[in-house]
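J.: This is the structure I want to talk about, given as structure tokens.
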Amino acid sequence: MIVEAAPAKVNLALHVRGRRADGYHDLDSIVVFADIADRLTLIPAKDWSLEIAGPFAHDLGSGADNLVLRAARALEQLLPGRIGRARLRLDKNLPVASGIGGGSADAAAAIRGLLAVSGIAPEKIDLAPFAVALGADVPVCLYGRTCRITGVGERIEPLTDVPPLPALLVNPGVAVSTAEVFRRLALAPGQAAFGPMPQRRRDVLAWLTAGRNDLQPVAVTLVPVIGAVLDQLAASSGCQLARMSGSGATCFGLFDRLEAAEAAAPRLRAQGWWAVPTMLG
């Protein structure tokens, strides 16, 4: 039996550099991972199966289109005869369709776990094209550490000097369609978009504050409660930066101390929102 964590991915800044001729969007993003996660258990078996449990299990189907099963079957095809099948159990602790890479993190956990069960070292295989074909966030979730991503998400640059950041993650319980957010950006193929990421600074908070999430205004228009979440976070004592992650609806507040994030959480939960203090890094 193998147990793999699938931690939440948070985009501290996300710049859309333009739309490529192939229709995909060029991104420039600073990514960190939380210490809260889904959990995937893998037990060798004669055939694939998937059980989903946990607080957000009801929002996710366990059929063939689940990204965990898609990743498992695709890896089996990539490495025929080398990948053993497994019974999979996903404890779904993260909100679904929420901008924190839950499905991609789960797929990455399946890939890591199946390689481990099969005794295959990940560094011996070129997983990059395979991972990006599953989803733009899968490569960074496989990497699993603080980094800067560019392209559609396949180019990864490690960032080793960003310290752990106390944070509060908040989701209002509304799913956001990533495809619809990008559609509403209304960029034509080949069209350049917004400005570059600011240059690195010694002061990490000032550097991040000078950045932005280019998807945030569109998502707030689609789902106005995201704006309310951001306002509530920004008004919390000790909050230094409030911003949306990915295409939403999860938002984060960076705090001066973890205790301040913990103190703010009950007030946001009182709105009926998911609010979890965490360390990002």
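The values are calculated or read from the model by the stated rules, or taken from the named source; none is laboratory data. Everything numeric in this text was worked out from a predicted model, so none of it was measured. As a convention, Cβ positions derive from the backbone with ideal geometry for all residues, glycine included, and neighbour counts pool all protein chains shown.
J.: Could you identify the single residue in 186, 179, 193 that is within 20 Å of residue 102 (Cβ to Cβ) and surrounded by fewer than 16 Cβ atoms within 10 Å (Cβ to Cβ)?
T.: After applying the criteria, what remains is 179.
J.: What are the residues in the range 65-101 that are touching a strand residue (DSSP E or B) at 6+ places or on another chain (Cβ under 9 Å) and over 16 Å from residue 113 (Cα atoms), if any?
T.: 66, 92, 93, 94, 95, 98, 99, 100, 101
J.: So, one more: List pairs: first residue in the range 136-147 and in contact (Cβ under 8 Å) with a residue 60 or more places away in the chain and farther than 11 Å from residue 105 by Cα, second residue of a type in the set (S, T, N, Q) and in a loop (DSSP other than H, G, I, E, B) anywhere in the structure, Cβ distance under 6 angstrom, at least six positions apart or on different chains.
T.: none
J.: Answer with yes or no whether residue 70 is in contact (Cβ under 8 Å) with a residue 40 or more places away in the chain and assigned to a strand (DSSP E or B). Let's see the steps before the verdict.
T.: Values: in contact (Cβ under 8 Å) with a residue 40 or more places away in the chain: yes; assigned to a strand (DSSP E or B): no.
No, not satisfied.
J.: Select, from 22, 47, 28, 38, the only residue that is among the acidic types (Asp, Glu), surrounded by fewer than 22 Cβ atoms within 10 Å (Cβ to Cβ) and within 23 Å of residue 248 (Cα to Cα).
T.: After ruling out the rest, the residue left standing is 28.
J.: If the Cβ limit is 8 Å and pairs must be 6+ apart or interchain, which residue in the range 195-219 that is in the same structural domain as residue 25 (by TED's automatic domain parsing) and on the phi > 0 side of the Ramachandran plot pairs with which residue that is in a loop (DSSP other than H, G, I, E, B) and surrounded by 16 or more Cβ atoms within 10 Å (Cβ to Cβ)?
T.: Sorted first by the residue in the range 195-219, then by its partner, the list stays empty.
This table checks each residue for (1) closer than 26 Å to residue 246 by Cβ; (2) out of contact with any helix residue (DSSP H, G or I) (no Cβ under 8 Å at 6 or more places or on another chain); (3) touching a residue at least 40 places away in the same chain (Cβ under 8 Å); (4) assigned by TED's automatic domain parsing to the domain that holds residue 169.
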site	(1), (2), (3), (4)
79	no, yes, yes, no
98	yes, yes, yes, no
106	yes, no, yes, no
111	yes, no, yes, no
117	no, yes, yes, no
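J.: Given the criterion without any contact (Cβ under 8 Å) to a residue 24 or more places away in the chain and more than 13 Å from residue 228 (Cα to Cα), identify the matching residue among 270, 261, 242, 265. Please lay out each step first, then the result.
T.: On the way: 261 fails: without any contact (Cβ under 8 Å) to a residue 24 or more places away in the chain; 242 fails: more than 13 Å from residue 228 (Cα to Cα); 265 fails: without any contact (Cβ under 8 Å) to a residue 24 or more places away in the chain.
Testing whether each residue is without any contact (Cβ under 8 Å) to a residue 24 or more places away in the chain and more than 13 Å from residue 228 (Cα to Cα) leaves just 270.
J.: Additional query: Which residue is surrounded by the most Cβ atoms within 10 Å (Cβ to Cβ), if the candidates are limited to the range 73-121 and must be in a loop (DSSP other than H, G, I, E, B) and hydroxyl-bearing (Ser, Thr, Tyr)?
T.: Restricting to residues being in a loop (DSSP other than H, G, I, E, B) and hydroxyl-bearing (Ser, Thr, Tyr), the top hit is 98.
J.: Kindly indicate whether residue 204 is among the β-branched types (Val, Ile, Thr), touching a helix residue (DSSP H, G or I) at 6+ places or on another chain (Cβ under 8 Å) and either more than 30 Å from residue 270 (Cβ to Cβ) or buried (at least 17 other Cβ atoms within 10 Å of the Cβ) (or both).
T.: Taking the combined requirement at face value, the residue does not satisfy it.
J.: Still on this model: For residue 243, state whether it is surrounded by 20 or more Cβ atoms within 10 Å (Cβ to Cβ), touching a Leu at 6+ places or on another chain (Cβ under 9 Å), basic (Lys, Arg) and more than 13 Å from residue 172 (Cα to Cα).
T.: yes
J.: Which condition does residue 150 not pass, out of (1) surrounded by fewer than 18 Cβ atoms within 10 Å (Cβ to Cβ); (2) part of a loop (DSSP other than H, G, I, E, B), if it passes all the others?
T.: Just one mismatch for residue 150, condition (2).
J.: Right, here's the next one. Quick check, is residue 271 outside any helix (DSSP H, G or I), closer than 23 Å to residue 145 by Cβ, not charged (D, E, K, R) and not assigned by TED's automatic domain parsing to the domain that holds residue 151?
T.: no
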